1. For region 238-346, which strands (runs of 3 or more DSSP E) that fit wholly inside it have 3 or more residues that are assigned by TED's automatic domain parsing to the domain that holds residue 361 and within 23 Å of residue 382 (Cα to Cα)?
2. Somewhere in region 115-126, is a residue outside the structural domain of residue 319 (by TED's automatic domain parsing), in a helix (DSSP H, G or I), crowded, with 16+ Cβ neighbours inside 10 Å and at pLDDT below 90?
3. Picking from 149, 199, 211, which residue would you name as being surrounded by fewer than 20 Cβ atoms within 10 Å (Cβ to Cβ) and out of contact with any strand residue (DSSP E or B) (no Cβ under 6 Å at 6 or more places or on another chain)?
4. Scanning region 370-393 for residues that are without any contact (Cβ under 8 Å) to a residue 40 or more places away in the chain and assigned to a loop (DSSP other than H, G, I, E, B), which turns out farthest from residue 354 (Cα to Cα)?
5. With respect to residue 5, is the statement that it is touching a helix residue (DSSP H, G or I) at 6+ places or on another chain (Cβ under 7 Å), farther than 22 Å from residue 121 by Cα and not in a loop (DSSP other than H, G, I, E, B) true?
6. Does region 217-241 hold any residues that are surrounded by 15 or more Cβ atoms within 10 Å (Cβ to Cβ) and under 19 Å from residue 151 (Cβ atoms), and which are they?
7. Given 426, 360, 353, which one is under 20 Å from the mean Cα position of the chain (by Cα) and part of a helix (DSSP H, G or I)?
8. For residue 52, which of the numbered conditions (1) crowded, with 17+ Cβ neighbours inside 10 Å; (2) modelled with pLDDT of 95 or more fails to hold?
């Protein structure tokens with residue numbers, strides 16, 4: 001029996017670094033096991049904010065990857081303002097610290113490039129794919145965003161070929177993501193963003209969400225069908241034995257941390273614990289595997305914690321995995337506003353696989369809480385809950401001191417990439 005061909009339109013692809021590339025890289029690896037042949041369509045010359053060449057080694061053998069050129073104005077923006085590379089990755093300085101050039105860059109990004117600066121790839125891609133889909137007898141297309149201009153490729157193809165099956169995969173929300181409000185949008189620009197978003201969501205045959213709250217929001221906007229297909233972890237990446245030691249109590253964070261997600265009360269709780277407990281003060285170590293914003297580092301310094309801080313900078317994926325496996329407590333932090341309750345960072349699933357306790361901080365009733373409760377792998381606190389975070393850190397530190405490892409939950413296997421791909425394959429077959 002021939003495999004069902006599915007074309008996946010994605011901007012992020014190895015050697016792009018960061019979590020955005022992991023989702024479809026792993027789906028592409030496992031989909032053939034379920035009778036689906038993935039074909040990747042991606043830019044030939046993209047401008048990625050991060051590079052991880054180690055991911056090139058993980059490309060599935062025999063996978064068909066089709067590339068066409070893209071023109072991006074970011075190259076010009078980066079020449080005049082190097083900070084623009086950070087905004088491309090969704091990281092913003094506090095408003096009061098933004099230079100005039102930075103404010104201008106953000107304004108131009110939000111109002112002149114709708115939905116984003118990859119919009120110039122839409123028309124040439126639609127033209128190219130119109131012929132490619134016919135010639136290769138492909139009747140199903142998946143677009144994955146951000147960047148959300150990828151969805152506009154799907155929208156135009158669907159308008160052109162109504163019988164084409166189109167799935168829009170939202171790794172992150174569009175107008176509902178926290179940094180959308182930082183784009184300095186005019187009323188007309190905000191309206192255009194929302195109109196495009198609504199058109200994509202209402203026209204797609206199915207909208208994939210990575211969280212439960214996001215799926216509800218897409219249904220409210222008018223999605224014909226929504227499915228929750230979360231991110232996951234790769235089992236082979238975590239076949240690492242933890243290095244047993246009792247010298248340091250290691251709290252680790254994997255990924256980039258910008259000022260908008262700064263867990264201020266956590267740093268205050270750690271300051272109190274170092275002031276009150278000599279043993280804790282001598283054993284604490286705070287690790288960051290990724291880019292730490294200057295504002296967060298300032299808060300750490302203000303609380304006298306700089307001597308415990310170890311900045312590893314941006315590291316390849318395997319080094320980050322080794323870091324979180326060899327930790328005693330894993331930090332996850334989300335934006336504090338209620339609009340962000342549906343964000344389930346991809347790192348959560350790798351934290352689950354590392355089988356170390358998780359302390360998560362975010363808005364009230366965030367979707368992360370649902371997964372932590374289900375898997376019994378950690379505790380969740382709102383940003384303002386200093387006492388709660390302090391108590392939980394003390395509890396985990398007590399287990400560390402006594403040599404008692406946290407009871408492993410057998411419920412995390414449902415979030416392995418293979419199991420998640422099985423769910424995705426079922427959606428593709430139904431569609």
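The values are calculated or read from the model by the stated rules, or taken from the named source; none is laboratory data. It should be emphasised that the depicted structure is a prediction, and the values quoted were computed from it without experimental measurement. Cβ placement follows ideal geometry from the backbone for every residue including glycine, while neighbour counts extend to all protein chains displayed.
1. The qualifying strands (runs of 3 or more DSSP E) are 249-254, 284-289, 329-333.
2. No, because not a single residue in region 115-126 is outside the structural domain of residue 319 (by TED's automatic domain parsing), in a helix (DSSP H, G or I), crowded, with 16+ Cβ neighbours inside 10 Å and at pLDDT below 90.
3. 199
4. Among those residues, the one meeting the criterion is 376.
5. No, not satisfied.
6. 217, 218, 219, 221, 223, 225, 226, 227, 228, 229, 231
7. 353
8. (2)
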